[in-house]
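Taking it in order: structure first as structure tokens, then the write-up.
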Amino acid sequence: MWYSQLLRCPVCGGQMVREGNSLFCDGTRRHCFDFAKEGYVNLAPSKAAGGGDDSALIRARTAFLSGGYYQPFADRVCALLRKHVGSGTVVDAGCGEGYYASRMAQSGFRVIGVDLSKNGVRHAARTATRERSDALFAVAGIFDLPLQCGVADAVVSLFAPVCEEEFLRVLKPGGILLLAGAGPDHLYSLKKVLYDIPYQNEPRADAPTRMKEIATERVSFDMELCQTALQDLFAMTPYFYRTPSEGRARLAAVSSLTVGAEFDLTLYQKQ
């Protein structure tokens, strides 16, 4: 398989090879990692087991994204990759349920999606199998990617933490990091319902410092959301965990709402 030579054994760091339904490393102990029936492989250290997003969040995000509400954003991500990378291997670092990774694979990239959430990776692998996309999904942490050095043409970090040192390690010379975060007014109209005093989002504080910024842009669009879509959107945001009961009640009383989405996209290059 195309991805075998790119992977790194999480135990000894050896190169991996696929034999049947398992991955083996080339070390003397030939560490073995079996593929699950859904098509993903668990390459996370045992101490990291059980991390990542829970099943309820994955269900809400899957329901919302499958409605196509964030499609303009996904399209722009793919367009920027085609413009600045062209083709090759993209690592989706923090891929969640695999929505964006699937869009990238459909755009012609070979995609390796990693996330600590087994629930998310399981769903992503099922989707990849159904869509016959050229993607591999693995349970793994983004601060210890199960990849050899210098194998990725691009790393994509969409709303996930940034580990610059690890991203630099796996990127090829001249490789691209595409970083996305919420713009100042992202979901502001939703916050006006939830909170007495809504607030703007702060810029990301984890931008790379050792890579060259080569492009930045803001993607904005409005979404007409029914009550079901509003609840799914709410459940996949951090607001779900810190909104008081009064705000939840106000949201439940809204039958529909126009919600503005605003994303900041920045591209960096490994020198």
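Coordinate-derived values only; no laboratory data. Note that the structure is predicted; figures quoted are calculated from it, not measured. Positions of Cβ are backbone-derived with ideal geometry, glycine not excepted, and every protein chain shown enters the neighbour counts.
Worth pointing out:
- Label zone at Tyr241 (point 7 Å along Cα-to-Cβ), backbone N below 16 Å, segment 50-78: 50-61
- Set of aspartates and glutamates with alpha-carbon distance to Lys192 below 14 Å, sequence-local pairs under 8 removed: Glu246
- Likely footprinting exposure, Tyr268, Tyr188, fewest C-beta neighbours within 10 Å first: Tyr188, Tyr268
- Between Lys191, Lys172, Lys83, the residue with the greatest mean-square fluctuation in the GNM of the chain (Cα pairs under 10 Å linked by springs) is Lys83.
- For the peptides 74-82, 23-31, the ranking by packing is 74-82, 23-31, with the highest mean count of neighbouring Cβ atoms within 10 Å listed first.
- Taking label positions 7 Å along the Cα-Cβ direction at both Thr209 and Asp34, the computed distance is 4.5 nm, reported to one decimal.
- Ordering of 241-248, 147-154, 225-232, 175-182 by burial proxy (mean other Cβ atoms within 10 Å per residue, highest first): 175-182, 147-154, 225-232, 241-248
- Dipole magnitude (debye, nearest 20) for the chain, charges at Cβ of Lys, Arg, Asp, Glu: 560
- The chain: angle of helix 71-84 to the longest principal axis, Cα-based, in degrees nearest 10: 40
- Listed by chain and number, the aspartates and glutamates placed with their C-alpha closer than 12 angstrom to that of Lys118 are Glu38, Asp53, Asp54, Glu97; residues fewer than eight positions away on the same chain are left out.
- Antiparallel DSSP beta bridges within the chain, as percent of all bridges there, nearest 5: 60
- Of Lys172/Lys212; Lys191/Lys212; Lys83/Lys172; Lys83/Lys270, pairs whose Cα-Cα distance is over 23 Å: Lys191/Lys212
- Highest-first arrangement of 212-219, 117-124, 61-68, where packing means the average Cβ count within 10 Å: 117-124, 61-68, 212-219
- Residue order, fewest to most surrounding Cβ atoms within 10 angstrom, among Asp185, Asp222: Asp222, Asp185
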